[in-house]
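Working notes, structure below.
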Amino acid sequence: MSISVLNSLLQIARREVFRIAVKPMYLFCMVIAPVFCYLFFTTLMGNGLPTDLPAGIVDLDNTSTTRNIIRNLDAFQQTKIIAQYSSVSEAREAMQRGEIYSFYYIPEGTTEEALASRQPKVSFYVNYSYLIAGSLLYRDQRTMSELAAGAIGRANLYARGATEDQAMGFLQPIVIDTHALNNPWLNYSVYLCNTLFPGILMLLIFLTTCYSIGTEIKENTAKDLLSMADGSIVTALVGKLLPQTVVFFIMATFHNVYLYGFMHFPCNSGIFPMILAGLLLVLASQAFGAFLFGLFGSMRLSMSAASLWGVISFSISGFTFPVMAMHPTLQALSNLFPLRHYFLLYVNQALNGYPIVYAWHSVVALLLFMLLPFFVLKKLRTAMTSYVYLP
């Protein structure tokens with residue numbers, strides 16, 4: 001790099017710093033919004049999983065056995081019995097009003113049928129409009145049903161003279177020893193925040209990049225920018241985006257230090273590979289934002305496309321629904337989203353602790369995203385020298 005090019009980059013970067021300083025929009029998108037999201041979501045999910053979710057009971061049997069079942073169900077961390085209803089209709093109406101997420105129904109004669117080994121049926125109704133709350137309550141109520149059935153069966157076996165080992169061998173011939181990998185606490189914050197934070201940052205980078213290039217045309221300063229770069233569109237883009245790169249990289253480093261250093265989330269590879277992955281994501285996102293502006297040539301259209309692409313990233317990256325279970329067409333399209341490759345780096349590095357060589361394809365993919373602006377340099381130069389902003 002020649003001295004003149006380096007001087008041009010520094011002058012353009014200094015100019016961009018002053019533009020950032022006088023526009024609150026930059027401060028909000030580059031610092032305030034990311035930090036707010038980091039703190040908001042980790043505070044919201046500070047307990048790892050929701051606790052004391054409201055549930056109801058319809059106990060038409062009303063025996064000591066069923067009351068014991070209710071007490072044990074209420075003892076689960078995620079379940080809190082807040083009301084007992086006299087009928088299924090009454091409980092259903094309460095669930096429709098949003099007072100409870102589920103209710104547990106014990107019909108009349110349950111205890112008598114259980115003691116007579118006639119397989120009584122209990123029911124639980126869950127509102128799956130709230131996916132997390134519904135899933136947790138369903139798990140607790142299903143577990144409670146199995147435990148209650150086992151307790152009644154064990155009591156019957158004891159009454160017939162079976163020893164404890166014989167009774168447990170009959171009730172549970174195969175013992176399952178479960179070990180949750182990488183997230184043994186089943187902490188929902190660990191599952192969500194490690195990809196949600198980079199996704200939010202990526203979306204903000206998309207929008208900020210498109211906005212900053214578009215304002216040059218809107219404010220009729222694009223020709224001055226090119227003049228400072230001696231007519232080089234590459235020098236103009238690099239110098240303009242360099243201060244933003246530094247700030248966004250600091251935000252990416254901050255969320256890695258915050259999650260792995262302060263929150264002590266699992267990071268089996270060490271924090272430095274994740275900081276490198278954050279840098280790759282920042283550069284790839286800026287390149288993609290510049291590519292979108294060059295592709296559409298309009299701040300309005302490019303920001304709309306950036307918003308759409310960023311929001312879709314959360315669904316297609318694989319952390320909410322596995323990519324391998326998607327339609328083959330969507331599996332192929334997922335490679336067009338930078339967040340997908342960051343997610344694979346996170347899984348291979350932070351969760352599994354593999355060496356970086358096992359995630360080389362994700363690194364190469366993010367590097368390829370950085371080449372996208374070169375395909376639209378001519379259109380970007382034309383936009384900066386010829387286009388007139390129309391509100």
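The values are calculated or read from the model by the stated rules, or taken from the named source; none is laboratory data. This is a predicted model, so every value here is computed, not measured. Cβ: placed from backbone, ideal geometry, glycine included. Neighbour counts: every protein chain shown. For the accessible areas, the whole protein counts, side chains as well, though only heavy atoms, and no ligand, DNA or RNA atoms are used. Shrake-Rupley method; radii C 1.70, N 1.55, O 1.52, S 1.80 Å.
Structure notes:
- Counting only alpha carbon atoms, the long axis of helix 131-159 and the longest principal axis of the chain meet at about 30°.
- GNM flexibility winner over the chain from 282, 347, 323 (Cα, springs under 10 Å): 323
- Distant-in-sequence amide H partners of residue 105 (H built 1.01 Å from N, under 5 Å): 58, 123, 124, 125
- Percent of C-alpha pairs per 20 Å bin, the chain, short to long: 22, 40, 25, 11, 2
- Sequence-distant residues sharing a close amide H with residue 80 (under 5 Å, placed H): 53, 55
- Accessible-area composition of the chain, carbon plus sulfur, in percent [1.4 Å probe]: 64 percent
- With Cα atoms, 0 to 90° folded angle of helix 377-386 axis to the chain main axis: 60 degrees
- The chain: most fluctuating residue of 367, 39, 237 per GNM, C-alpha cutoff 10 Å: 39
- The order of 190, 22, 357 by accessible area, most exposed first and with a 1.4 Å probe, is 22, 357, 190.
- Amide H within-cut-off set for residue 100, under 5 Å, with H built and near neighbours excluded: 95
- Stretching the chain fully between residue 361 and residue 262 yields a gain of 32.6 nm (0.36 nm per residue, less the alpha carbon separation).
- Residues residue 331 and residue 387, FRET efficiency given R0 of 56 Å [Cβ-Cβ distance, rounded to 0.05]: 0.90
- Antiparallel %, DSSP beta bridges [both residues in the chain], to 5: 30 percent
- The slack between residue 354 and residue 25, meaning 0.36 nm per residue of separation minus the straight C-alpha distance, is 114.5 nm.
- Whole-number accessible area per residue in Å² for the chain, which is evaluated in the context of all protein chains at 1.4 Å: 52 Å²
- Lysine pair number, Cα distance threshold 26 Å (strictly under), the chain, separation 8 or more or different chains: 12
- Highest GNM mean-square fluctuation among 317, 135, 298, for the chain modelled with Cα contacts below 10 Å: 135.
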